[in-house]
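As structure tokens, the structure follows; a few thoughts come after it.
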Amino acid sequence: MKNGDAAMKTAWRKYSGLVLFIILLPLPFAVSAENDVILKVTSNPNGAMVYVEGLNKTFYTPATLEIPKGNWILKISNGKYTILYNLTARGGAMKIFVDFTNMKHSIHGPFINGTIKYGFNMRVPTKEEEYVPFIPAPPWSEDVCGGIFMFGPINPPMGIYMYEPKEHYYQLVLNNTPTYQEYRGRKGCLIVEELRYYENGGGMARFGEYKNASFVTPNSLLHVDSKPQNATVYIFDFHRFGEWFTPFDVLVPVIMTPQRDVTAIVKYDNSTRWIPYIPELHRYKISMGYNGYPFFEGWVDVKPNENYSVSVNLELLKFALRVNGKPVEQQIKEKHEPPRTYIPNTTLLIVNSTPSAELLMDGKSLGKTPVEEEVSGGKHEFALKIGGCIVWRKSLNIGYGGRFRLTVYLEEYIKKRGFMGRI
């Protein structure tokens, strides 16, 4: 009996240990049912990749996955299209459907990819909220360069050339790149642009007209549009304050291969300028937003001397992602802001006169011409003084940002005032 009792005790220890081990095992299904959210993700077509940021897990549609409660970003991709969904998982089960065919019909142009953001409550500036500053546009001719330069994207560093304030027609000029400009069949200046950006967001522009160059950058025309119109547009994440809303046209430089040791003859002194390196540039990031709609961003790949139509149907994209059978609401939680007061940027003022004279701006002397000075933008009173007498006076609006060039021929003003003999 003792041997039998010992055997029973040994067996009991083994089985009791096994029972205790089983009792102490974690119960994933019970915990999952209580604390996790079950997502059923489908797409048209199937086979889309589903990635949950933070969990580092990848699935392919159709897929059923469990995630903890909380906020998660779902990245759902198929081919060149990607959806980013800011998901708030509160509990229970959720059905997510992505229609990539919808995206194909909504996005037009030479896009090599496209990303649409849902549920982020992104707010973009509207036309009603942005004040459009007055920008003077001198006449366009073969001898005088019309329009005005403005500071543009910092990376890559660019200037923006505006032809006429009434027309949404812009040209991007890559830093240190000779560019041929033409508007409505009329030739304009050829300009070498040098931009220097500073930490406070300001910049300085230097440029010169040139006769010819060993390499002149070709351009391509992008017509940017959307539905609904008046969507806010960004190029390389840069939005031109008060002006870049659909529809509008923009000329972009297209450089298929890097250029080295480019030379240009500067027109005003026949000196030769050497440009050691011009980078390759033919892909542009274009983003578009309209409050209450998903936010779009994508890269276009363009070829030189071509015209492209770039358009995004934001209205149709609202239905590309459905959660529990309904489109994702793109609500703007922030209160409507009143129009913001425009703070003028500094403008590079370049004034020359014949003969040389003292330049006054708002009664303050800026020295003898030629004068090149960074001043506050907007309207100012200018005067030119010779021998202590003012021989020329004018009120001018020099715009906001970029540069304003003025040349005054004083002979006729001096002759009228009887100063010709004193000079």
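The values are calculated or read from the model by the stated rules, or taken from the named source; none is laboratory data. Worth saying up front: this structure is predicted, and the values here are computed from it rather than measured. In this analysis, Cβ positions are derived from the backbone assuming ideal geometry, glycine residues included, and neighbour counts consider all displayed protein chains. Protein only, heavy atoms only, side chains kept; ligands, DNA and RNA dropped before computing areas. Shrake-Rupley method; radii C 1.70, N 1.55, O 1.52, S 1.80 Å.
Observations, loosely collected:
- With DNA, RNA and ligands ignored, accessible area of His282 (1.4 Å probe; Å², nearest 10): 30
- Dipole axis of segment 185-319 (+1 Lys, Arg; -1 Asp, Glu on Cβ), positive-most option in Gln229, Asn291, Leu251: Leu251
- In terms of the mean number of neighbouring beta-carbon atoms within 10 Å, the peptides 229-236, 383-390 order highest first as 229-236, 383-390.
- Distance violations [Cα-Cα > 23 Å] among Lys80/Lys318; Lys117/Lys303; Lys40/Lys318; Lys75/Lys285: Lys117/Lys303
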